[in-house]
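Inspection log for the structure reproduced underneath, given as structure tokens.
The values are calculated or read from the model by the stated rules, or taken from the named source; none is laboratory data. This one's a predicted model, so the numbers in the text were calculated from it and none came from an experiment. Here Cβ is always computed from backbone atoms with ideal geometry, including for glycine, and neighbour counts include all displayed protein chains. Areas reflect the complete protein model, heavy atoms only, side chains present, ligands, DNA and RNA absent. Shrake-Rupley method; radii C 1.70, N 1.55, O 1.52, S 1.80 Å.
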Amino acid sequence: MRLFTFILIAFILNACTKPSFKSKWTTERSPDTFTARFETSKGSFDVQLTREYSPLAVDRVYQLLKHHLYDNTLFYRVVPNFVAQFGIADTSVTNKWGAFIIPDEKVVASNVRGAISFARGGKESRKFLLFINLKDNLKLDTAIREGVTGYPPLGKVIRGMEVVDLLYSGYGEATMKQLKALKIDRSSFLNTFPKLDSIKKAYILRGKK
């Protein structure tokens, strides 16, 4: 009887455990427009994403939000009067997402204040890191890095930009020198940068085809 009970409990727990990644998720298409809510340690803000701005990249953000990649992530880079950046999660999971490349796309919208875009480091390097422009950063529309032009915006903060403005920015670029520590040991990273704000939960509110 005890063995049966143990097996039953194990089966239930296994059934209730969400898989960390499935490759089929990377083929999911986003609505033409959709709104996502980010609940943070400073309050919540809403972002409207528009597929025509950067279709393949918006699809990926939709997938990442739908499967909760941004839950419990840090705003690890907040530079005053520039950007607030986030998106580093469990390395074993993000590496699997990152293996599915997002082809580069042209800049259609502009990196105005409140616009949200993928960070990147060169050709086809947009993966899961996002930034919100804290001011009009129009130079990012045409900036060339390793042969790739511009950072295509995906949408814009439509509610709660005042919350984004409140994110702790006292560390500036200093956190970027220790990103490896964040990927390996989040608690150690937070011991060094304890005032960083975080995303408690990020999810899709509604979408429109």
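Identify, by number, the condition in (1) buried (at least 16 other Cβ atoms within 10 Å of the Cβ); (2) closer than 22 Å to residue 40 by Cα; (3) in contact with a strand residue (DSSP E or B) (Cβ under 9 Å, 6 or more places away or on another chain) that residue 176 doesn't meet.
Result: residue 176 fails condition (1) only.
Counting just the residues of segment 156-165 that are surrounded by 15 or more Cβ atoms within 10 Å (Cβ to Cβ) and among the hydrophobic types (A, V, I, L, M, F, W, C), which one comes out nearest to residue 116 (Cα to Cα)?
157
I'm trying to understand the selection: among the residues of segment 39-51, which are out of contact with any Lys or Arg (no Cβ under 8 Å at 6 or more places or on another chain) and not polar (S, T, N, Q)? Don't jump to the end; show me each part of the working.
So in segment 39-51, the residues out of contact with any Lys or Arg (no Cβ under 8 Å at 6 or more places or on another chain) come out as 42-43, 49-51.
The answer is 42, 43, 49, 51.
Report, ordered by the first and then the second residue, all pairs with beta carbons closer than 7 Å, sequence separation of six or more or different chains, a first member in segment 87-110 that is free of Cβ contacts under 8 Å to residues at least 60 places away in the same chain, and a second member that is among the aliphatic types (A, V, I, L, M) and open to solvent by 70 Å² or more (accessible area, probe 1.4 Å).
102/56; 103/56; 105/56; 110/138
For segment 93-137, how many residues meet the condition of being within 29 Å of residue 21 (Cα to Cα), open to solvent by 60 Å² or more (accessible area, probe 1.4 Å) and out of contact with any strand residue (DSSP E or B) (no Cβ under 6 Å at 6 or more places or on another chain)?
Filtering segment 93-137 down to residues within 29 Å of residue 21 (Cα to Cα) leaves 93-106, 115-132.
With open to solvent by 60 Å² or more (accessible area, probe 1.4 Å) added as a condition, the list becomes 95-96, 99-101, 106, 123-124, 127.
Applying the additional criterion that residues be out of contact with any strand residue (DSSP E or B) (no Cβ under 6 Å at 6 or more places or on another chain) yields 95-96, 99-101, 106, 124, 127.
Result for segment 93-137: 8.
Within segment 115-123, can one find any residue that is touching a residue at least 60 places away in the same chain (Cβ under 8 Å) and of a type outside the set (S, T, N, Q)? Quick ask: steps written out before the conclusion?
Going through segment 115-123, the residues touching a residue at least 60 places away in the same chain (Cβ under 8 Å) turn out to be 116, 118.
Narrowing the set further to residues that are of a type outside the set (S, T, N, Q) leaves 116, 118.
Yes, segment 115-123 has at least one match.
For the list (1) among the aliphatic types (A, V, I, L, M); (2) closer than 24 Å to residue 91 by Cβ; (3) buried (at least 17 other Cβ atoms within 10 Å of the Cβ), I need the number of the one condition that residue 140 fails.
(2)
Please work out if residue 106 is in a loop (DSSP other than H, G, I, E, B), under 19 Å from residue 56 (Cα atoms) and at pLDDT 95 or above. Talk me through it step by step, then tell me what you get.
Working: in a loop (DSSP other than H, G, I, E, B): yes; under 19 Å from residue 56 (Cα atoms): yes; at pLDDT 95 or above: yes.
Yes: the conditions hold for residue 106.
From 196, 190, 179, which residue is over 27 Å from residue 31 (Cβ atoms), among the hydrophobic types (A, V, I, L, M, F, W, C) and part of a loop (DSSP other than H, G, I, E, B)?
Working: 190 fails: part of a loop (DSSP other than H, G, I, E, B); 179 fails: part of a loop (DSSP other than H, G, I, E, B).
Going through 196, 190, 179 in turn, just one is over 27 Å from residue 31 (Cβ atoms), among the hydrophobic types (A, V, I, L, M, F, W, C) and part of a loop (DSSP other than H, G, I, E, B): 196.
Would a scan of segment 189-208 turn up a residue that is touching a helix residue (DSSP H, G or I) at 6+ places or on another chain (Cβ under 8 Å) and loosely packed, with under 14 Cβ neighbours inside 10 Å?
yes
Looking at residue 43, is it at pLDDT 95 or above and open to solvent by 10 Å² or more (accessible area, probe 1.4 Å)? Let's see the steps before the verdict.
Details: at pLDDT 95 or above: yes; open to solvent by 10 Å² or more (accessible area, probe 1.4 Å): yes.
Yes, satisfied.
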